[in-house]
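The next block holds one structure in the form of structure tokens; read it before the comments.
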Amino acid sequence: MSDRLAIIAGTGELPQKIAAANADALFVTIKGVEVSVPDGFEHVDASYEKLGALFKAMRGAGVARVVFAGKVDRPKLNPLRMDRMTLGLFPRVKAVLGKGDDALLRLVAEVFEEQGFTVVGATEVTAALAIEASHAGRATSAQDRVDADRGWQLLDVLAGEDIAQGVVIAGGQCLGIESIQGTNALLAFAGQTPEHLKQGGRGVFVKRPKPGQDGRMDIPTIGPDTVRAVAAAGLGGIVLEEGVIVLDRAEVEALLAEYDLFLDVRKGQP
């Protein structure tokens, strides 16, 4: 029986990293999402509004497992362009579009599994991507640790609202909460904070999965560009939960040293 993987690709480096570790995968792009197809990969160009055609193509290619990777913005859906299958699913999709990302992604996973595909997480098919509890870069100060704890606790509070995976804290003050605009928007906004509002702290970017979120569909991911954005925002370091994806780890650690930042990876909930 086939165990072939399909990579549903969004933007960023993650789809390419997964493809590099799964040479026989079917690489699926979505119309309107700018993604480069790796050389030598069988490719399907799909549409949000033609899910029936996508499922048929995946079955024809012998796909049994599906991984979602990379950033994809919420689509603008036009019922007039939908095939019969997508039109039948539209009321369920419409019901969660106004909710948080986890609610929408759980529905997507549910739909794919109803069609007989097994949805797997990025770290299940490329285990080396997930980072373990560790520390890299400069030593943390007492204020860094206080700010990290504060950010960790704030994300716990926000979990029930399915809002954020990241916050920025400095001097005990919240400088920003990650919203639908994403990490880069959060860091750019936090970087505009006047120094006197930081209460003497450099500031810490804390990023972790929402407690209870579906890790198959959305694993927080950072890479070299995140480190550069943290440095540009004038912050002092990054705190992650164990299991978060770190791309290009050697370059990340080199940039931590270059910008005098720290990366602290903590264990999550037992």
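The values are calculated or read from the model by the stated rules, or taken from the named source; none is laboratory data. Since the structure is predicted, the reported quantities are computational estimates derived from the model, not experimental observations. Neighbour counts run over all protein chains shown; Cβ positions are idealised from the backbone, glycine included. Surface accessibility is based on the protein's heavy atoms, side chains included, excluding ligands, DNA and RNA. Shrake-Rupley method; radii C 1.70, N 1.55, O 1.52, S 1.80 Å.
Note on region 241-270: among residues that are aliphatic (A, V, I, L, M) and in a helix (DSSP H, G or I), the one that is nearest to LEU175 (Cα to Cα) is LEU256. Does ARG65 satisfy the condition of being open to solvent by 70 Å² or more (accessible area, probe 1.4 Å), farther than 27 Å from ILE180 by Cβ and modelled with pLDDT of 85 or more? So ARG65 fails the test.
If you check ALA103 against the conditions, is it of a type in the set (Gly, Ala, Ser) and either assigned to a strand (DSSP E or B) or under 20 Å from the mean Cα position of the chain (by Cα) (or both)? Yes, satisfied.
Against the definition (small (Gly, Ala, Ser) and within 15 Å of ALA139 (Cα to Cα)), how does GLY237 come out, yes or no?
Working: small (Gly, Ala, Ser): yes; within 15 Å of ALA139 (Cα to Cα): yes.
Spelling it out, GLY237 is indeed small (Gly, Ala, Ser) and within 15 Å of ALA139 (Cα to Cα).
For region 244-257, which positions are open to solvent by 30 Å² or more (accessible area, probe 1.4 Å) and either within 17 Å of HIS135 (Cβ to Cβ) or modelled with pLDDT under 95 (or both)? Across region 244-257, the qualifying residues are ASP248, ARG249, ALA250, GLU253, ALA254, ALA257.
Within region 3-23, which residues are closer than 18 Å to LEU54 by Cα and in a loop (DSSP other than H, G, I, E, B)? Hits for region 3-23 are ASP3, GLY10. Among the residues making up region 45-68, those that are touching a residue at least 60 places away in the same chain (Cβ under 8 Å) and either over 21 Å from GLU114 (Cβ atoms) or more than 21 Å from the chain's Cα centre (by Cα) (or both) are LEU51, PHE55, GLY62, VAL63, ALA64. GLY88 meets all of the listed conditions (1) open to solvent by 80 Å² or more (accessible area, probe 1.4 Å); (2) of a type outside the set (Asp, Glu); (3) free of Cβ contacts under 8 Å to residues at least 40 places away in the same chain but one, namely (1).
Are any residues in region 116-133 open to solvent by 50 Å² or more (accessible area, probe 1.4 Å), farther than 26 Å from ALA254 by Cβ and outside any helix (DSSP H, G or I), and if so, which ones? Walk me through it before giving the result.
Restricting attention to region 116-133, the residues satisfying the condition of being open to solvent by 50 Å² or more (accessible area, probe 1.4 Å) are 116, 118, 124, 127-128, 132.
Imposing the further condition that a residue be farther than 26 Å from ALA254 by Cβ reduces the set to 116, 118, 124.
Once the filter is applied, which keeps residues that are open to solvent by 50 Å² or more (accessible area, probe 1.4 Å), farther than 26 Å from ALA254 by Cβ and outside any helix (DSSP H, G or I), region 116-133 yields GLY116, THR118.
Got a number for residues in region 74-85 being surrounded by 11 or more Cβ atoms within 10 Å (Cβ to Cβ) and in a helix (DSSP H, G or I)? Selection size over region 74-85: 2. The listed residues are GLY32, GLY40, GLY12, and the only one of them that is open to solvent by 60 Å² or more (accessible area, probe 1.4 Å) and in contact (Cβ under 8 Å) with a residue 40 or more places away in the chain turns out to be GLY32.
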